[in-house]
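S.K.: Okay, handing you the structure first.
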Amino acid sequence: MQKHHKTIVISDVHLGSKWSKTKEATRFLKDNTCETLILCGDIIDGWAILRGKKAKWKRRHTNFIKTLLDISHTTQIVYVRGNHDDFLDRIVPIEFMGMSIVRDWIYESLGKRYFVLHGDVFDRITSTMSWLSRLGDVGYSMLLWISRSLADKAKKSVKRSVAKISDFEKNIVEIARHKGCDGVICGHIHSPEIREIEGVLYLNSGDWVESLSALTQDHQGNWAIYKDTKEEQ
């Protein structure tokens, strides 16, 4: 039975990467409908596709795109580019196949304003040393191949270190405040969270590689973190 929401936010699906939990993400979108769907960056992993010697795009990745196209007829879809889908920089902003593709966005919902962005702009390693970030991405893929549990721990440790070094949350909240917003919606660091920081609501949708998470907003304006508990092997 489908559950309807005011808003759904997903990010970091990483289509094109073999580690993407695309089937679970697709099932989530089929089981949960909404008025507005925000794709908060790194939906397509251009880095993984370009890096691989063998084709990494699978039928399940195509099925995810088909699901987006199916729901675009009844749902507002806004796709915010991330660092792994930075190939979109050349065309944003643009309307394409029923979706708005943008660099960032201000979302007005139930009397509140949210600044929406992927979040990589506040990650010093990603924004100033892209070559090092890409090298780290290769290393993470190797860890996943060796041991998923080990990679999860390493990824979370590294991402948290990056966030601490760059004051990720503090910076992203500050720009939202500067833009006159009540909250900020982001992804990037693969760590789902909802909390208030200095009067601004910080919302992170997590990812569909490790945490298998999303953000949902009901019609009263309440936000919640969704976590998939039916992971397919």
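S.K.: Of K170/K227; K3/K58; K3/K56; K56/K179; K30/K170; K112/K227, which pairs sit farther than 30 Å apart, going by alpha carbon to alpha carbon? Can you show the working numbers first?
M.R.: On the way: K170/K227 25 Å; K3/K58 28 Å; K3/K56 32 Å; K56/K179 39 Å; K30/K170 34 Å; K112/K227 25 Å.
Check vs 30 Å cut-off fails for K3/K56; K56/K179; K30/K170.
S.K.: Give me the distance in nm between label points sitting 7 Å out from Cα along the Cα-to-Cβ direction at K227 and D182, one decimal.
M.R.: With each label placed 7 Å out from Cα toward Cβ, I get 2.7 nm.
S.K.: Within 10 Å, count the other beta carbons around each residue, average over each peptide in 194-201, 6-13, and list them highest first. The partial results should precede the final answer.
M.R.: On the way: 194-201: 13.6, 6-13: 25.8.
Put in order of decreasing packing, that is 6-13, 194-201.
Coordinate-derived values only; no laboratory data. Given the structure is predicted, the values throughout are model-derived calculations rather than measurements. Every residue, glycine among them, receives a Cβ derived from its backbone with ideal geometry; neighbour counts consider all protein chains shown.
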